[in-house]
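Data first, discussion second: the structure below is written as C-alpha cells.
Each reported figure results from applying straightforward, stated rules to the coordinates on display, with no laboratory input. All of these numbers come straight from a predicted model, not from anything done at the bench. Positions of Cβ are backbone-derived with ideal geometry, glycine not excepted, and every protein chain shown enters the neighbour counts.
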Amino acid sequence: MKHFFLSLLTALLIVAMTMSAMVILVRATLYVTAIDSPLPRGGAIAAEILLGVVLLLGTVWLATHLAVLIFVPKSNSPDGGHLG
C-alpha cells in the first residue's frame, strides 16, 4: 500500500514539474521574441535553449531517481546476492 501511494505521489510530482517547466519555457519564449535587437535576442535564445535542456532533463532525472528509490528492493543478502 505504501508503494501505491508513493508511486501516485511521484507521478503527480512529475506531472507538476513538467507542466511548470513548460509554463516557464513558454513565458521565456514570449519574452525572448519581444526583444527587438538581434544580438541580445540571439543570446537570449541560447540561454532559453540551455534553460529548457536543464529544466526538462532535470525533470527526467528526478523522475527516474524517485522511481528507483521507491521500487528498488531494500534488503541485501550478506554474501553479495545471486548473480544472474
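Remarks
- Spacing of the two label points (7 Å from each Cα toward its C-beta) at Leu62 and Asp36, in nm: 3.8 nm
- Binned Cα-Cα distance frequencies in region 14-70 - 10 Å width, integer %: 23, 41, 23, 10, 3
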